[in-house]
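K.L.:
Before we start, here is the structure in question, set down as structure tokens.
The values are calculated or read from the model by the stated rules, or taken from the named source; none is laboratory data. Please read these numbers as outputs of a predicted model, since none were measured by experiment. When we count neighbours, we look across all protein chains shown, and the Cβ atoms used for this are built from the backbone with ideal geometry, even at glycine. To get the accessible areas, we keep the full protein, side chains included, count just its heavy atoms, and leave off ligands, DNA and RNA. Shrake-Rupley method; radii C 1.70, N 1.55, O 1.52, S 1.80 Å.
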Amino acid sequence: MKYTLLTFLLVIFALVTNGQPKSPLDPVVITSEKGKTRVYTNENGALQVNVSPKDVARYKAAGLVRYRDFGAKGDGKTDDIDAIAATHAFANRHGLLVKADEGATYYIGGKERTAFIQTDTDFGTAAFLIDDTEVQNRNASVFTVSSDLKPFRLETIPSLKKNQQKIDAALPGPCLITVTNTNVKHYIRFGLNQNNGSAQTDIFVVDKNGNVDKNAPIIWDFDQITEINALPIDEKPLKITGGRFTTMANKAESKYTYYNRNIAIRRSNVLVDGLEHRITGEEDHGAPYGGFINVGDCSYITVKNTILTGHRTYSTIGAAGKPVSMGTYDLSVNRALNVSFVNCSQTNDINDNTYWGILGSNFCKNLLYDHCTLSRFDAHQGVANATIRNSTLGHMGINAIGSGVLLIENSTIRGRSLVNLRSDYGSTWQGELVIRNCVFVPAGGKPVSADLIGGSNSGQHDFGYTCYMPERITIENLRIDDSRHPENYRGPAIFANFNPGMTDASYREKFPYVITKEVILKNITTASGKALRISDNPFMFRDVKVTTAQ
């Protein structure tokens, strides 16, 4: 276990005082006194845990603790969150495995209490009922997977360059670096959810010598840095297995007051395996959710063999003063690298548009779907490199903006477009798009005119960056199931009509949109028998080189 000087002093203080000082990370005071092990709230409002020396020795000898050891009833009625939080706090201190009791049902009410996970945890077949009908703090996670390694500021780096290979910093080991420049705005959103953008942000991994991981490069020039932090990466994997979680949905007003009663992963090198999440009690209104599995500020995360649930779509009045559907997620990934979803599915129909798309992400690099059956893949404020393979995507399909390589292979896509480049962020992808061995079912088989690449950009809005279409698009072995098409259907188009106003050379863009240079096609077939064409707006794509490979 690695300690900073401050952490070392805190540990010494804890040993001297026979307790653990309250901190924002772990507000649990642990003492070891004779008598019965018990959990209660002390006069300062902190969770107080007393564990007898005999029990300490017994748990350490066993190498694990169970929720029942700290008073959890597991009867589905008694609120067990204090016992759960206490169990993890004790396990964190002594490096012990946490095991849920087989067959138990743990009720978790609306109390503001977070259990911090820093050791391997086996939820097994236990059930967890998370009651969101009356919540003290909707932003308080139920579980947070955290590290005892502390972030620190880097004071000696005044600027960064795109694709810079090394930073000059003294580091204790591999670190996750997060950089911001509040003087530059990116992702200045257009449309019904318009906003003034986000501070320029980048996130990348370096080794102890400051060498940047080439698979997740720096993607922006930072002429100025207002904040740069390093978070040491836990090199030992942490594993969370099992668990049958059910959220009893909130009944709040339908507005952008996101609920984050979830499992928040804020530590690198984590595996989640075999978890299930379901939702009950959704009505005709409710506040949206920010992701039951919520990944952020970390790297090397894998979620596999996991069953999730899409949330019902609710609407509100957006920033433009008009009704909008609110994004609400069961999966959320923000400022994270190397995040993989493997063999994941959802309980509700991926083609049912009553439910919102299951994933939302921002500021990420190297996202992966592999053997997944989910309603949506989505990158809002940019992803650098994404792969979707051996998967089926439902009614909301693939939505992305970003850079690097977007690779889609051996998959079935049932969205309105094969790939939708999000128009609210300029339909930008600075890099390459590769599609191999896929089936595209436009709009899930509804009678629509099919476009492979969707999006729009009028060239009149400043998104905070130059917007690009993929420089090169390669499509090999694609089957387009457009058997159910509208009358007067002319066949599928490579590109949607990205700018209906640009029909001749007189059109002027204030912020020019950089168009694709080359499209390579090989073995494209259609159920309708109609040939693939360039676009409903051939003028806009007049300079695109389309090559049909043999």
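K.L.:
Largest first and in whole Å, what are the equivalent-ellipsoid semi-axes of segment 81-239 based on the Cα gyration tensor, each being the root of 5 times an eigenvalue?
P.N.:
37, 23, 13
K.L.:
Evaluate 2.2 N^0.38 Å with N set to the residue count of segment 87-143, then give the Cα radius of gyration divided by it.
P.N.:
1.21
K.L.:
Let me ask another. Inverting the mean 1/r over all pairs of different Cα atoms, compute the Kirkwood radius of segment 437-482 and quote it in Å.
P.N.:
Taking the inverse mean of 1/r over all distinct Cα pairs, segment 437-482 comes out at 13.4 Å.
K.L.:
Moving on to the next point. What are the extents of the Cα atoms of segment 118-159 along their three principal axes, in Å, largest first?
P.N.:
Computed over segment 118-159, the largest-to-smallest principal extents equal 48, 28, 16 Å.
K.L.:
Expected output is a single nm value to one decimal: the length gained when fully extending between GLN165 and GLN194, i.e. 0.36 nm times separation in residues minus the C-alpha distance. What is it?
P.N.:
Residue separation times 0.36 nm, minus the Cα-Cα distance, leaves 6.9 nm.
K.L.:
When only DSSP loop residues count, what trypsin sites (Lys or Arg not before Pro) in segment 275-318 have their Cβ near at most 11 other Cβ atoms within 10 Å?
P.N.:
none
K.L.:
Note the direction-averaged projected area, equal to a quarter of the hull surface, for the Cα convex hull of segment 300-406, in nm².
P.N.:
The Cα convex hull of segment 300-406, projected and averaged over all directions, gives 6.5 nm².
K.L.:
Ok, one more. How big is the chain by the Kirkwood estimate over distinct Cα pairs, in Å?
P.N.:
The Cα-based Kirkwood calculation yields 25.2 Å.
K.L.:
Kindly flag which residue pairs out of LYS77/LYS251; LYS322/LYS545; LYS162/LYS255; LYS185/LYS214; LYS161/LYS208; LYS99/LYS255 have an alpha-carbon separation exceeding 31 Å in this structure.
P.N.:
LYS322/LYS545; LYS162/LYS255; LYS99/LYS255
K.L.:
Given 20 °C and 1.002 mPa s, how large is the Stokes-Einstein diffusion coefficient of segment 123-200 in µm²/s, with Rh as the Kirkwood radius over Cα pairs?
P.N.:
D, rounded to a whole number, is 119 µm²/s.
K.L.:
Relative to the longest principal Cα axis of the chain, at what angle does helix 81-94 sit, 0 to 90 degrees, rounded to 10?
P.N.:
Orientation of helix 81-94: about 80 degrees from the principal axis.
K.L.:
If we restrict to alpha carbons, what Rg and Dmax does segment 410-462 come to, in Å?
P.N.:
Reported Rg and Dmax, both Å: 12.6, 37.
K.L.:
Right, another one. Can you give the Kirkwood hydrodynamic radius of segment 201-278 from its Cα pairs, in Å with one decimal?
P.N.:
When all Cα pairs of segment 201-278 are included, the Kirkwood radius is 16.8 Å.
K.L.:
Assuming 1.002 mPa s and 20 °C, estimate D for segment 185-244 with Stokes-Einstein, Rh taken as the Kirkwood radius over Cα pairs, in µm²/s.
P.N.:
Once the numbers are plugged in, D ends up at 140 µm²/s.
K.L.:
Simple spin-label model, 7 Å along Cα-to-Cβ: LYS446 to GLN460 in nm?
P.N.:
2.7
K.L.:
Additional query: Post the alpha-carbon centroid distance, segment 248-322 to segment 482-525, in whole angstrom.
P.N.:
If you average the Cα positions of each part, the centres end up 35 Å apart.
K.L.:
So what is the diffusion coefficient of segment 354-424 in µm² per second by Stokes-Einstein at 10 °C and 1.306 mPa s, using a Kirkwood Rh over Cα pairs?
P.N.:
D = 135 µm²/s.
K.L.:
So if each residue of separation counts as 0.36 nm, and I subtract the Cα-Cα distance between ARG58 and THR125, what length gain in nm does that give?
P.N.:
Gain on stretching ARG58 to THR125: 21.7 nm.
K.L.:
If DNA, RNA and ligands are ignored and the probe is 1.4 Å, what is the ranking of ILE317, ILE475 by accessible area, most exposed first?
P.N.:
Reading off the accessible areas and sorting them downward yields ILE317, ILE475.
K.L.:
Does anyone have the angle between helix 5-16 and the longest principal axis of the chain? Alpha-carbon axes, 0 to 90°, nearest 10?
P.N.:
30
K.L.:
Binning every alpha carbon pair distance of segment 362-505 at 10 Å from zero, what are the percents per bin?
P.N.:
In order of increasing distance, the bins hold 12, 43, 34, 10, 0 percent.
K.L.:
Separate question: Could you tally the net charge around LYS545, taking each other residue with its Cβ under 10 Å from the Cβ of LYS545, Lys/Arg +1 and Asp/Glu -1?
P.N.:
My count for the surroundings of LYS545 gives 0.
K.L.:
What longest range of the chain stays clear of loop-exposed chymotrypsin sites (Phe, Trp or Tyr not before Pro) (DSSP non-H/G/I/E/B, at most 16 other C-beta within 10 angstrom)?
P.N.:
The longest such stretch corresponds to 4-255.
K.L.:
Using a 1.4 Å probe on the protein chains only, how many percent of the accessible area of segment 423-542 belongs to carbon and sulfur?
P.N.:
Result for segment 423-542: 46 percent of the exposed heavy-atom area is carbon or sulfur.
K.L.:
Cut-off under 14 Å on the C-alpha distance; same-chain residues fewer than 8 positions from LYS517 excluded. Which aspartates and glutamates are left, in chain and number order?
P.N.:
Output for LYS517: GLU432, GLU471, ASP543.
K.L.:
Moving on. Over the C-alpha atoms of segment 18-148, what are the Rg and the largest Cα-to-Cα span, Dmax, in Å?
P.N.:
13.8, 41
K.L.:
So what's the projected area for segment 270-322, the Cα convex hull averaged over all directions, in nm²?
P.N.:
5.4
K.L.:
Using helices alone, I'd like the mean residue ellipticity at 222 nm for the chain: each DSSP H run of four-plus residues gives -39500 (n - 2.57), total over residue count, nearest 500.
P.N.:
-2000 deg cm²/dmol
K.L.:
Taking segment 485-523, which GluC sites (Glu not before Pro) meet the DSSP loop condition and have no more than 11 other C-beta atoms within 10 Å?
P.N.:
Passing sites in segment 485-523 are GLU487.
K.L.:
Given N residues in segment 153-287, what is Rg(Cα) / (2.2 N^0.38 Å)?
P.N.:
It is 1.39.
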